[in-house]
Amino acid sequence: MRRIYADNAATTAVSREVLDAMLPYFCESYGNPSSLHAVGREAKKALDAARATVAAALNCDANEIYFTSCGSESDNWAIRGGAHSKKGKKHIITTKIEHHAALHACKALEKEGYEVTYVGVDENGYVDPADVAAAMREDTALVSVMMANNEIGTIQPIKEIAEIAHNGGALMFTDAVQAVGNIPVDVKELGVDMLALSGHKIHAPKGIGALYCKKGVRPDVLIEGGGQERGRRGGTEALASIVGLAKAAEIANAELSEMDKVAALRDKLIDGILERIPYSRLNGGRSPRLPGNVNVAFEFIEGESLLLLLDMEGICASTGSACSSNSLEPSHVLLATGLPVEKAHGSLRLSISKDTTEEDVDYILEKLPPIVQRLREMSPLYEEVAKNSK
Amino acid sequence: MDYSEKVMDHFAHPRNVGEIEDANGVGTVGNAKCGDIMKMYLKVDDSEIITDVKFKTFGCGAAIATSSMATEMIKGKSINDALGLTNKAVIEALGGLPAVKIHCSVLAEEAVKSAIADYYKRKGIENDLTREMDCNGCCGCEHDHHHHDTEEE
């Protein structure tokens, strides 16, 4: 059966080039970069090269890049370590639409006695920098706003928000896990102090991430260890994965113009869905929006059953419905945009990549409408609508 | 979600979907805010046998599968037998449900009871079933439960 992977915001396939770049670092150049001998020195050389590559992709110096185990670790380190490094300041500003890794790191700080302001978004899912400015206090240690949202793809005005944070003497962190590789990410242009990224969202493997810390910005150490990452993050470097991350970042940057094609397919998908399926709406504003993100709410149906039926047609997607998770509440992001709970249950996220073809989009546009219709015919909420339209 | 083959079968090929025009017992339980609503239609004959049953469900795979299974289990049965249908029996018949989906089976049991309560009500038979139908925290959520609460805007 045909399989279309439209869940790239969840994770991506490791690209062949990335895998090929990694392979020598398992059985041949397997050294520990901290070792003094030849095998270790070889590993250290590869580590340094990878760091320089990632730094080049973000337009920073190599010694501003710290490798971590994942995006969640980077978020936790930046937020908790960043807050702790600003001694005496006990206030954090973040938004209602952050990834759980960032949101829950803020919750952990609340338990320590920090006060956290959760700035809202407009109905299109955008943060208003004026709201951040209004929330600033003398004791604001950190402002944490994600660069691009994982569910609805909205891209936030990070540069403006960073200026506001800095004017108030706070650190500025952005979770750029969904942004890197999809849109230009230049840490100097953005003016942020810290920025998190993850390997598996950009065709590198799972289990590798990085945190950019501007020179002089030193979040308190989260993982103590043997002095790796210039004493800032313990743990033997996952060299093969680090090499993979560097390769993926290099490819993503070189092929960033390809994203225009992805954005064109995204628009075709959005327009096609809204045209073909009544009682549907796009979640998240059209622009600026991640090139691969489509998120639509369908009235009268529930997302998990939609996913199951799409899966039976070989289409892999995601939903903001509570029923597909262990929680009873639907997506906090959709609710933050003001979408009513019952409509949030009927949301579908399709996240495409540069591997997605026009045929894939046509296939989705062919299969999706009858599936939505089938579930609506089964839904008691649709009865009235169907009767009124007859 | 780790669904059994039986659940997937009833989800992909639900039995007894639809409405009964001349139903003499109709019950709706659940809440759109919680993500599931079940509506059950019964056709009960003079000897209190359920000759036909249909359902419509807004909800996840488990909600649709439990509705389908519940209708199969009460079709052709007496009202009394149908009242004895438990969520546990529905789960067993489906070969199990993931823990987070148990509430769907509770909802299916309640949908049957709600439709029977409506049948009694129409017949003018006094019964405390209706009182019991104040959704017993069917999905454990914190929203106020207004049955058949669909659109508020």
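Mind listing whichever residues of region A:48-71 are open to solvent by 20 Å² or more (accessible area, probe 1.4 Å) and touching a Gly at 6+ places or on another chain (Cβ under 8 Å)?
Passing the criteria: A:S69, A:C70.
How many residues, within region B:29-58, are within 12 Å of chain A (Cβ to nearest Cβ) and at positive phi?
Matching residues across region B:29-58 total 2.
Okay, residues lined up against (1) in contact with a Ser or Thr (Cβ under 9 Å, 6 or more places away or on another chain); (2) on the phi < 0 side of the Ramachandran plot; (3) acidic (D, E); (4) in contact (Cβ under 8 Å) with a residue 24 or more places away in the chain:
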residue	(1), (2), (3), (4)
A:V262	yes, yes, no, yes
A:I277	no, yes, no, yes
A:N293	yes, yes, no, yes
A:F298	yes, yes, no, yes
A:L310	no, yes, no, yes
A:I315	no, yes, no, yes
A:T319	yes, yes, no, yes
A:G338	no, no, no, yes
A:G346	yes, yes, no, yes
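State all residues of region A:212-229 that are outside any loop (DSSP other than H, G, I, E, B), out of contact with any Pro (no Cβ under 8 Å at 6 or more places or on another chain) and either free of Cβ contacts under 8 Å to residues at least 12 places away in the same chain or closer than 17 Å to A:S144 by Cβ (or both); if no residue qualifies, say none.
Once the filter is applied, which keeps residues that are outside any loop (DSSP other than H, G, I, E, B), out of contact with any Pro (no Cβ under 8 Å at 6 or more places or on another chain) and either free of Cβ contacts under 8 Å to residues at least 12 places away in the same chain or closer than 17 Å to A:S144 by Cβ (or both), region A:212-229 yields only A:Y212.
For region A:17-40, give me each residue that is in a loop (DSSP other than H, G, I, E, B) and charged (D, E, K, R).
Within region A:17-40, A:E28 is the sole residue that qualifies.
Exactly one of these conditions fails for A:I270: (1) surrounded by fewer than 24 Cβ atoms within 10 Å (Cβ to Cβ); (2) touching a residue at least 60 places away in the same chain (Cβ under 8 Å). Give me its number.
Status for A:I270: all satisfied but (2).
Touching an Asp or Glu at 6+ places or on another chain (Cβ under 6 Å), more than 9 Å from chain A (Cβ to nearest Cβ) and part of a strand (DSSP E or B): is that true of B:V26 in this structure?
Here the answer is yes, as B:V26 does meet what is asked.
Taking region A:288-303 as the region of interest, how many residues are open to solvent by 10 Å² or more (accessible area, probe 1.4 Å) and over 17 Å from the mean Cα position of the chain (by Cα)?
2
Given (1) closer than 30 Å to A:F298 by Cβ; (2) touching a residue at least 40 places away in the same chain (Cβ under 8 Å), where does B:N87 come up short, assuming only one miss?
The single condition B:N87 does not satisfy is (2).
Which numbered condition in (1) modelled with pLDDT of 95 or more; (2) part of a loop (DSSP other than H, G, I, E, B) is the only one that A:L328 fails?
Of everything listed in (1) modelled with pLDDT of 95 or more; (2) part of a loop (DSSP other than H, G, I, E, B), A:L328 misses just condition (1).
Residues A:A196, A:A133, A:A148, A:A176: which one is over 11 Å from the mean Cα position of the chain (by Cα) and not hydroxyl-bearing (S, T, Y)?
Just a single option satisfies the conditions, and that option is A:A133.
Taking the stated definitions as given, is B:A82 at pLDDT 95 or above, out of contact with any Ser or Thr (no Cβ under 6 Å at 6 or more places or on another chain) and within 12 Å of chain A (Cβ to nearest Cβ)?
No: the conditions fail for B:A82.
Hey, could you check region A:326-342 for residues that are under 27 Å from B:D2 (Cβ atoms) and of a type outside the set (A, V, I, L, M, F, W, C) and say which is surrounded by the most Cβ atoms within 10 Å (Cβ to Cβ)?
Once the filter is applied, the top-ranked residue is A:P330.
Could you list, in sequence order, the residues of region B:56-77 that are outside any helix (DSSP H, G or I) and within 15 Å of A:I301 (Cα to Cα)?
Of everything in region B:56-77, those that are outside any helix (DSSP H, G or I) and within 15 Å of A:I301 (Cα to Cα) turn out to be B:K56, B:T57, B:F58, B:G59, B:C60.
Out of everything in region A:347-390 that is open to solvent by 20 Å² or more (accessible area, probe 1.4 Å) and β-branched (V, I, T), what residue ends up being farthest from the other protein chains (Cβ to nearest Cβ)?
A:T357
Test B:G95 against the stated conditions and say whether it is of a type outside the set (S, T, N, Q), touching a residue at least 40 places away in the same chain (Cβ under 8 Å) and within 14 Å of chain A (Cβ to nearest Cβ).
For B:G95, the condition - of a type outside the set (S, T, N, Q), touching a residue at least 40 places away in the same chain (Cβ under 8 Å) and within 14 Å of chain A (Cβ to nearest Cβ) - is not met.
The values are calculated or read from the model by the stated rules, or taken from the named source; none is laboratory data. Note that this is a predicted model, so its numbers are computed, not measured. Cβ sites come from the backbone with ideal geometry, for glycine too, and all protein chains shown count toward neighbours. Just the protein is used for accessible areas: all its heavy atoms, side chains included, with ligands, DNA and RNA removed. Shrake-Rupley method; radii C 1.70, N 1.55, O 1.52, S 1.80 Å.
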